[in-house]
Amino acid sequence: MSLPKYIGPFERCWFFTVRGFALLVLLFLVVPILVIIPLSFNVEPYFSFTSDMLHLKPEAFSLRWYYQLINDPLWVLSIKNSFLVACGATVIATALGTLASIGLSRADLPYKRLLTGILISPMIVPVIISAAGMYFFYSKLGIGQSLLALILSHAVLGTPFVILTVTATLVGFDHSLTRAAASMGASATYTFFNVTFPLIRPGIISGGLFAFITSFDEAVIVQFLGGVEQRTIPRQMWSGMREQISPTILAAATLLIILSVLLLLSIEVLRRRSLRVRGITN
């Protein structure tokens with residue numbers, strides 16, 4: 001990035017100082033995560049770099065732990081459960097969050113701030129408190145320690161992310177379009193699916209992706225509501241750290257990092273598309 005010629009030495013120094021500090025902060029946050037990736041290819045069952053790895057010898061690297069990941073019945077079960085729970089929770093959270101956002105976007109809605117605070121409270125309340133409450137609640141209903149309880153609990157955690165994302169998309173929404181559709185005899189359902197939904201679709205998908213990754217990465221509630229057959233990837237990683245130290249955990253962590261990066265890139269693409277749909281350039 002070229003600087004204007006009229007900038008003085010002090011401004012130029014401040015410009016590079018701020019960006020250098022931002023780069024250091026970025027490295028401080030990212031480097032500990034990136035270290036996991038090469039360790040997952042270690043041929044030895046260690047959580048540290050061997051001398052051969054530091055010298056980049058080919059025989060020091062292997063896909064051993066990735067093969068073990070896909071061949072271990074417990075890891076396969078955890079992967080299946082994680083995707084099943086995350087997909088189910090995402091569908092529920094996206095539907096509930098979208099409907100709540102449309103209601104909160106109405107200017108004549110009474111107690112809007114109170115309702116908004118209640119709906120996003122799962123983001124504020126510590127997860128351990130929510131997990132304990134959900135455990136007692138679903139146990140009374142007779143569905144404790146089941147996939148259904150996990151799906152419903154994860155949906156509660158993901159709904160606030162959908163609400164915030166879709167509500168932000170609705171800020172620039174032109175409500176005269178819905179009034180015009182109603183004046184022409186269109187029903188509320190037809191208006192939503194043919195007028196409102198196409199315009200806020202990027203926000204809905206972004207919120208759904210946030211809900212998905214929130215469910216996929218959740219490790220506290222599953223300790224309360226997940227039995228032996230309901231273990232997910234985070235719980236399997238937790239159990240592996242406590243019972244059997246194996247670099248298979250690093251392989252699973254690497255795949256989770258790749259999944260998170262892909263989801264974040266998808267969210268950024270959808271954000272830019274949403275801005276283009278609304279006529280905003282960035």
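Annotations for the structure displayed:
- Hydrophobic, long helices, defined as DSSP H runs whose alpha-carbon span along the helix axis is 20 Å or greater and whose mean Kyte-Doolittle value is at least -0.5, occur in the chain at 9-34, 73-104, 127-141, 147-170, 197-216, 248-277.
- At q = 0.10, 0.11, 0.13, 0.17 Å⁻¹ the log10 of I(q)/I(0) for the stretch 72-277 amounts to -0.50, -0.59, -0.78, -1.14, computed by Debye summation with a single uniform scatterer per C-alpha, solvent ignored.
- One Cα centroid belongs to the stretch 29-85, the other to the stretch 228-247; the line between them spans 14 Å.
- When the chain is treated as a GNM with alpha-carbon contacts under 10 Å, the residue of ALA186, ALA93, ALA219 showing the greatest mean-square fluctuation is ALA186.
- Cα-Cα P(r), the stretch 167-282, percent of pairs per 10 Å interval: 12, 29, 23, 18, 14, 5, 1
- Label-point separation in nm, ILE124 to ALA186, each point 7 Å along Cα→Cβ: 3.6 nm
- Per residue, the average separation of C-alpha pairs within less than 8 Å and at least 6 apart gives the stretch 64-183 a relative contact order of 42 percent.
- Candidates VAL18, VAL222, VAL91: whichever shows maximal mean-square fluctuation once the chain is modelled as a Gaussian network with Cα springs under 10 Å: VAL18
- Computed lengthening from LEU141 to ALA168, 0.36 nm per intervening residue step minus Cα-Cα distance: 6.2 nm
- Prolate/oblate/rounded call for the stretch 23-167, Cα gyration tensor, a/c under 1.5 rounded: prolate
- Stretched out straight at 0.36 nm per residue, the stretch from PHE21 to ILE70 would grow longer than its current Cα-Cα span by 13.5 nm.
- Computed E for GLU229/THR50 - FRET, C-beta separation, R0 41 angstrom, nearest 0.05: 0.65
- Magnitude of the charge dipole, the chain, Cβ model with Lys/Arg +1 and Asp/Glu -1, debye to 20: 920 debye
- Computed lengthening from TYR111 to ALA95, 0.36 nm per intervening residue step minus Cα-Cα distance: 3.6 nm
- Amide H contacts of ASN42 (H built 1.01 Å from N, under 5 Å, at least 5 apart or other chain): SER62
- The GluC sites (Glu not before Pro) found in the stretch 162-256 include none that occupy coil by DSSP while having at most 12 further C-beta atoms within 10 Å.
Here, each number is a calculation from the coordinates, and none is a lab measurement. Model, not experiment: these values are computed from the prediction. Counting neighbours? That spans all protein chains shown, and the Cβs are built from the backbone with ideal geometry, glycine included.
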